[in-house]
Each structure stands twice: as structure tokens, then as C-alpha cells.
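S.K.: Before anything else, here's the structure in question.
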Amino acid sequence: MDLPDYIVGALQRLNDGGYKAYAVGGCVRDFLLGRQPADYDITTSAKPEDIIRAFEGYHVIPTGIQHGTVTVVIDGVPVEITTFRIDGDYSDHRRPESVSFTDSVEADLSRRDFTVNAMACGLDGEIIDPFGGQSDLEKGVIRAVGDPVKRFNEDALRILRALRFASRYGWVLEENTARAVHELKGLLNDISAERIRDELCGIIIGDCEQIMEDYSDVICEIIPELAPSVGFEQHTKYHNKTVYGHIVAAMCAADKDVVFRLTMLLHDIGKPDAFFMKDGVGHFYGHADISVEIARKVLNRLRFPNKIRDKVLFLVQNHGVVMQDSEKYFRRAAAKYGEEGFFELVKVHIFDNMGKAEQYQYEAEEFRKIQQHAREFFDKEPALSLKNLAVSGGDLITLGYKGIEIGKALDFLLNETAEGKCENDKKKLLGYLEEHYDGDKRG
């Protein structure tokens with residue numbers, strides 16, 4: 001295994017002190033996959049106080065010293081070094097109540113989640129693999145170390161980690177591990193919203209279509225609002241999939257970006273509530289309004305950052321707006337949504353149409369043409385926005401406008417200019433405002 005110099009130096013320092021030491025976990029997995037590891041962890045027979053002593057003169061942080069973990073900053077890079085350990089009981093399905101140290105690297109590896117993460121490598125390059133991780137890597141299999149029921153009861157977050165690894169690498173879960181995932185999904189209710197959120201994001205930005213379909217019950221455990229869409233037939237020629245099936249197909253057609261993937265995951269979540277039949281055909285009028293309110297609850301509960309939440313809600317709310325391939329529409333849409341927001345909505349239309357029945361996916365190409373023509377248009381004529389409107393709030397204050405009426409008047413001028421009814425010229429805009437705007441200056 002080709003280790004970076006700072007890890008070689010750390011292992012050598014521990015070996016020179018008479019301790020066993022190995023690179024462990026994800027870095028070994030990624031190396032065997034031919035990927036550049038993002039970071040390196042070290043496991044060692046040295047006790048925490050021995051680690052601190054061995055790295056005297058380095059910046060040492062007792063990160064989780066009660067669990068045997070010390071962080072040492074080497075060449076500017078923080079490296080977690082953990083003593084070989086055996087975990088005690090997990091009463092909260094997340095962290096052990098206690099740990100005991102051991103001299104056996106095999107015993108340490110036995111407490112880890114999956115076989116592909118339970119491998120270690122020392123300076124001699126030999127891979128220590130007591131649970132068949134290399135074989136599972138070759139087969140593309142996620143297998144719990146030992147008894148999967150025990151592993152998931154110890155740390156319920158491993159249920160979602162299994163799905164994330166499968167999504168990230170295109171792997172499948174081994175039969176017993178998969179069964180335990182389904183049976184123990186309820187344990188996820190003991191996991192914090194932030195942890196659930198991070199794992200969910202990791203799942204949906206991967207190649208996750210099969211995972212989303214095969215483990216819909218697990219996804220619905222963390223987003224119960226999706227449950228009504230599973231198996232819900234749409235009864236329309238445009239869709240040959242259930243609501244959930246369409247959601248998954250549209251999401252997987254989207255860019256591997258958290259905002260777009262979340263948008264498509266939630267864009268039709270309100271469809272079951274909006275559904276009605278007329279003349280044997282299913283309709284979902286107003287489902288975007290329902291979807292955005294459900295999406296708001298989901299995103300708030302999972303504590304998504306405001307920036308992501310607000311962007312997703314904007315896209316969900318407007319995912320069904322009618323678009324036109326004309327310069328007049330481009331001006332109006334850019335004024336209403338902003339140039340960036342407009343192009344994001346075009347993308348959402350493309351993704352949505354890619355999730356339809358195959359014979360209707362041609363509509364996605366129509367939106368790609370809108371995307372291309374709009375880019376060509378804005379390249380020669382920048383989109384109009386309040387920032388480049390020739391009139392400012394200060395100009396309106398001079399005319400006697402106050403409070404919220406200032407913003408309303410500016411929006412009026414922006415829309416009228418985008419419609420081509422008035423030039424973006426200060427004098428002409430102010431004159432147009434006085435002649436055509438009927439708002440109350442005093443607010």
C-alpha cells in the first residue's frame with residue numbers, strides 16, 4: 001500500500017517505540033479500489049498516554065481520549081490515532097458506554113461495521129483482513145462484520161451507512177445484512193436529525209436508483225411523508241411508474257448535487273394528497289403547493305442549512321411553471337426568478353421529464369432547447385434584475401414612496417421593463433411609474 005510520507009513517519013515512530021501500528025479502515029478500502037484516500041486513520045497497540053509521549057513536540061489533541069483516540073497534527077494534517085480496543089455495551093444505539101484496550105488488531109477490527117472497512121495495513125504492506133473484506137470488495141458486496149443484527153443494534157446509523165456505501169460504489173448488500181437493515185430500520189428513530197441528514201445526502205448523490213427502490217421502507221422510515229407515494233398509481237399516460245417510482249427516476253436523472261437531488265426527491269411528495277380521478281384519468285392539480293409545505297417540514301426536521309432549504313423550496317414550488325422559448329419570456333422569467341434561479345428551474349423541468357414514460361421524455365429535449373436559447377440570449381443581453389435597474393429605492397424615496405411600497409414599485413418597474421413596455425432608463429422609468437403605477441406612495 002502506497003502510504004504518504006507523513007503516515008509512514010507516524011507508523012515508523014510508533015513501531016520504533018515498540019508498538020504495533022497500522023493504517024486502517026476507509027483508507028485501506030479506497031487504496032484497494034484504486035482510489036486516492038481522502039484521509040488516513042491509524043490504529044495502534046499504544047495506549048493514549050503512550051501515543052502522546054511518542055509524539056512529543058507535535059501538536060496533540062486528546063479528541064476522544066476516553067475512547068482511546070488522539071489526534072496528532074503531522075505536517076499540517078490532523079491524523080486520528082486510536083488504541084486497539086473492544087467496545088462495551090451500546091445502550092443508545094450509537095456509541096459504546098465504555099471501551100477496553102487490547103493488544104490484538106484482529107479484535108479491534110472485529111468491532112467495525114463492514115468487512116470492507118475492517119482491514120489494516122502496516123509498513124510491510126501486508127493487508128490484515130480477518131473477515132474477507134478484499135473478497136467482498138471484488139464482489140461489490142456490503143457485509144456486516146459478524147452478526148449484522150448486533151452491528152446495527154450497536155450503532156443504528158450503520159443502517160444508512162450501508163445504503164450510502166452501496167449507492168456510492170454501486171454495490172449490493174449481502175443477504176443477511178440486507179435482512180437486518182429492513183428488520184431494524186426502526187432503530188433510526190434514536191439517531192439525531194443531523195446524522196440522518198448527512199447519510200441521506202450521501203445516499204441520494206450516488207448511483208442510488210436500485211437502493212431507493214429496494215430499500216424504500218428504510219427511506220420512508222426517515223422521511224415518512226414519502227410513504228403514501230410508494231405504490232401510488234398515477235393513472236395518466238405520461239407516467240408508467242408510481243409516484244414514488246417517478247420521484248426516484250427523476251431524482252436519478254438529476255445532477256449529482258444535493259440541492260437538485262433533494263428537489264427531485266421532494267417535488268412530487270404532495271401528489272397523493274392532490275390526486276383525483278376524472279373520466280378515468282388521474283390529476284394532481286395544486287400538488288406543487290402541497291409538496292412545498294411537506295418539503296418544508298422535512299427539511300426543517302432534518303435541520304438542513306437555510307441556504308439549501310430555501311433553494312429546494314423555491315425549486316419545488318415552481319417545478320411545474322409553464323416555460324416558453326422566446327426572448328420576451330426569458331426577460332420576464334429572469335426578472336421574476338433571477339437568472340440563476342431561472343436556469344435551475346429549466347434543469348428541474350428536464351429532470352422531471354426524464355422521469356416520465358419513455359415516449360414522453362422527448363419533452364426534456366424541448367427544455368434543453370429553452371436552456372440553450374436562453375443562454376445565447378443572456379450572453380448578448382444580460383438578464384435584468386433589481387441590481388441593474390436604472391432606478392433605485394433612493395430615487396423612489398425622493399418621489400415620496402415609503403415602506404414596503406418602495407419594493408412593490410421597484411418590482412412593478414422591473415416587470416414592465418422585462419415585458420419591454422419601458423426602456424431601462426432612469427428618466428423614462430420614473431415617468432412611466434408616475435403615469436402607470438397606482439400604488440400608494442405612503443405604503
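S.K.: Output the residues belonging to segment 1-19 that are at positive phi and part of a helix (DSSP H, G or I).
M.R.: none
S.K.: Now, a different point. In segment 28-38, is there at least one residue being under 17 Å from Ser100 (Cβ atoms) and basic (Lys, Arg)?
M.R.: no
S.K.: Cβ contacts < 7 Å: first residue in contact (Cβ under 8 Å) with a residue 12 or more places away in the chain, restricted to segment 254-282; second residue surrounded by fewer than 24 Cβ atoms within 10 Å (Cβ to Cβ) and part of a strand (DSSP E or B), any location; separation 6+ or different chain. Result?
M.R.: Between residues of segment 254-282 that are in contact (Cβ under 8 Å) with a residue 12 or more places away in the chain and residues that are surrounded by fewer than 24 Cβ atoms within 10 Å (Cβ to Cβ) and part of a strand (DSSP E or B), the close pairs are Phe275/Gly282; Val281/Thr236; Gly282/Thr236.
S.K.: Another question, if that's okay. Within segment 135-150, take every residue that is under 15 Å from Arg29 (Cα atoms) and out of contact with any strand residue (DSSP E or B) (no Cβ under 7 Å at 6 or more places or on another chain) and give me the one that is surrounded by the fewest Cβ atoms within 10 Å (Cβ to Cβ).
M.R.: So the residue we want is Glu138.
S.K.: Would you check which residues across segment 39-48 are more than 26 Å from Arg161 (Cα to Cα) and in contact (Cβ under 8 Å) with a residue 60 or more places away in the chain and list them?
M.R.: Answer for segment 39-48, where residues must be more than 26 Å from Arg161 (Cα to Cα) and in contact (Cβ under 8 Å) with a residue 60 or more places away in the chain: just Ser45.
S.K.: For residues in segment 250-291 being in a helix (DSSP H, G or I) and acidic (Asp, Glu), which is surrounded by the most Cβ atoms within 10 Å (Cβ to Cβ)?
M.R.: Checking each candidate, the answer is Asp273.
S.K.: Under the condition of being assigned to a helix (DSSP H, G or I) and within 15 Å of Leu315 (Cα to Cα), which residue from segment 332-341 is most open to solvent (accessible area, probe 1.4 Å)?
M.R.: By that ranking, first place goes to Lys336.
S.K.: Separate question: For the condition under 20 Å from Leu226 (Cβ atoms) and open to solvent by 40 Å² or more (accessible area, probe 1.4 Å), what is the one hit in Ile294, Ile247, Ile308?
M.R.: Working: Ile294 fails: open to solvent by 40 Å² or more (accessible area, probe 1.4 Å); Ile247 fails: open to solvent by 40 Å² or more (accessible area, probe 1.4 Å).
Step by step, each of Ile294, Ile247, Ile308 is checked, and only Ile308 is under 20 Å from Leu226 (Cβ atoms) and open to solvent by 40 Å² or more (accessible area, probe 1.4 Å).
S.K.: Here's a follow-up. Within segment 342-401, can you find the residues that are outside any loop (DSSP other than H, G, I, E, B), crowded, with 18+ Cβ neighbours inside 10 Å and among the basic types (Lys, Arg)?
M.R.: Within segment 342-401, just Lys347 meets the criteria.
S.K.: It is to be established whether one or more residues within segment 317-336 are modelled with pLDDT under 90, among the hydrophobic types (A, V, I, L, M, F, W, C) and more than 23 Å from Gly270 (Cβ to Cβ).
M.R.: yes
S.K.: Exactly one of these conditions fails for Asn117: (1) in contact with a Gly (Cβ under 7 Å, 6 or more places away or on another chain); (2) farther than 29 Å from Gln12 by Cβ. Give me its number.
M.R.: (2)
S.K.: Right, another one. Go through segment 20-38 and report how many residues are open to solvent by 10 Å² or more (accessible area, probe 1.4 Å), in a loop (DSSP other than H, G, I, E, B) and in contact (Cβ under 8 Å) with a residue 24 or more places away in the chain.
M.R.: So the answer is 2.
S.K.: Hey, another quick one. Can we say Asn153 is in contact with a His (Cβ under 8 Å, 6 or more places away or on another chain), open to solvent by 20 Å² or more (accessible area, probe 1.4 Å) and within 18 Å of Phe114 (Cα to Cα)? Lay out the reasoning, then the answer.
M.R.: Details: in contact with a His (Cβ under 8 Å, 6 or more places away or on another chain): yes; open to solvent by 20 Å² or more (accessible area, probe 1.4 Å): yes; within 18 Å of Phe114 (Cα to Cα): yes.
When the stated conditions are applied, Asn153 passes them.
S.K.: Now for a different question. State all residues of segment 156-175 that are touching a strand residue (DSSP E or B) at 6+ places or on another chain (Cβ under 9 Å) and either open to solvent by 10 Å² or more (accessible area, probe 1.4 Å) or modelled with pLDDT under 95 (or both); if no residue qualifies, say none.
M.R.: Arg158, Arg161, Tyr169, Trp171, Val172, Leu173, Glu174
S.K.: Kindly provide the set of residues from segment 129-152 that are more than 25 Å from the chain's Cα centre (by Cα) and among the hydrophobic types (A, V, I, L, M, F, W, C), ordered by number.
M.R.: Phe131, Val145, Val149
S.K.: Quick check on this structure: which one of Ala10, Ala54 is in contact with a Gly (Cβ under 7 Å, 6 or more places away or on another chain) and either crowded, with 16+ Cβ neighbours inside 10 Å or within 30 Å of Asp136 (Cβ to Cβ) (or both)?
M.R.: From the options Ala10, Ala54, the qualifying one is Ala54.
The values are calculated or read from the model by the stated rules, or taken from the named source; none is laboratory data. Model, not experiment: these values are computed from the prediction. All Cβ positions, even for glycine, are placed from backbone atoms using ideal geometry, and neighbour counts span all protein chains on display. Each accessible area value is taken on the protein alone, full model and side chains, heavy atoms only, with ligands, DNA and RNA left out. Shrake-Rupley method; radii C 1.70, N 1.55, O 1.52, S 1.80 Å.
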